[in-house]
Amino acid sequence: MANRRHDVTLSETVSDNLKRVCADFDISTRDLASRLEDGAGQKSIWNLLNNQHSPTLKTLEPVCRALMVSPAALMVPGIPTSLLVSRRVNRLIESYSKMTAVQRDNLEDVIKEMLEE
């Protein structure tokens, strides 16, 4: 049987990104649980960070607020932690969404050229 590429699920991506933020900023599951207003327990946070269940928006929103992380950025596999905690991501997404299709194509061409340099 040929090797199959493992397709990463959205919940795996979210868990991986949250786990990296916690590790990079030395935030334990206990620390994170104590920052949440809804009183989520340490076990619930551990389950979220270890992809033991698919998180709901009701769960993710307070976690993102507590970590000051962009919920939209959490969906990007392998995104650097510095971008996860950046306020620029939301502004960029908002600006991109206001562009016409032609403007988005032009922007993507510019980005591609910049990355090739």
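Note down the net charge around Gly78, summing +1 for each Lys or Arg and -1 for each Asp or Glu among other residues with Cβ under 11 Å from its Cβ.
Charge balance in the 11 Å sphere: 0.
Listing Asp16, Asp26, Asp105 from the residue with the fewest other Cβ atoms within 10 Å to the one with the most, what is the order?
Result, fewest neighbours first: Asp26, Asp105, Asp16.
Pull up the cross-link candidates among the aspartates and glutamates for Lys43, meaning alpha carbon to alpha carbon under 16 Å and not fewer than 8 places away within one chain.
Result set, ordered by chain and number: Asp31.
What is the diffusion coefficient of the chain in µm²/s, taking the Kirkwood radius over Cα pairs and the Stokes-Einstein relation at 4 °C with a viscosity of 1.567 mPa s?
Approximately 81 µm²/s, per Stokes-Einstein.
Under 28 Å Cα to Cα from Lys98, which lysines show up? Leave out anything in the same chain fewer than 8 places away.
Filter leaves Lys58, Lys112.
Give me the one-decimal nm value for the distance between modelled label points at Arg104 and Gln42, 7 Å along each residue's Cα-to-Cβ direction.
Inter-label distance under the simple model: 4.5 nm.
Could I have the simple spin-label model distance between Glu12 and Leu92, label points 7 Å from Cα toward Cβ, reported in nm to one decimal?
That separation, rounded to one decimal, is 2.4 nm.
Values quoted throughout were computed directly from the atomic coordinates according to the rules given, and no laboratory measurement underlies them. All of these numbers come straight from a predicted model, not from anything done at the bench. Heads up, the Cβs are rebuilt from the backbone with ideal geometry, glycines too, and the neighbour counts pull from every protein chain shown.
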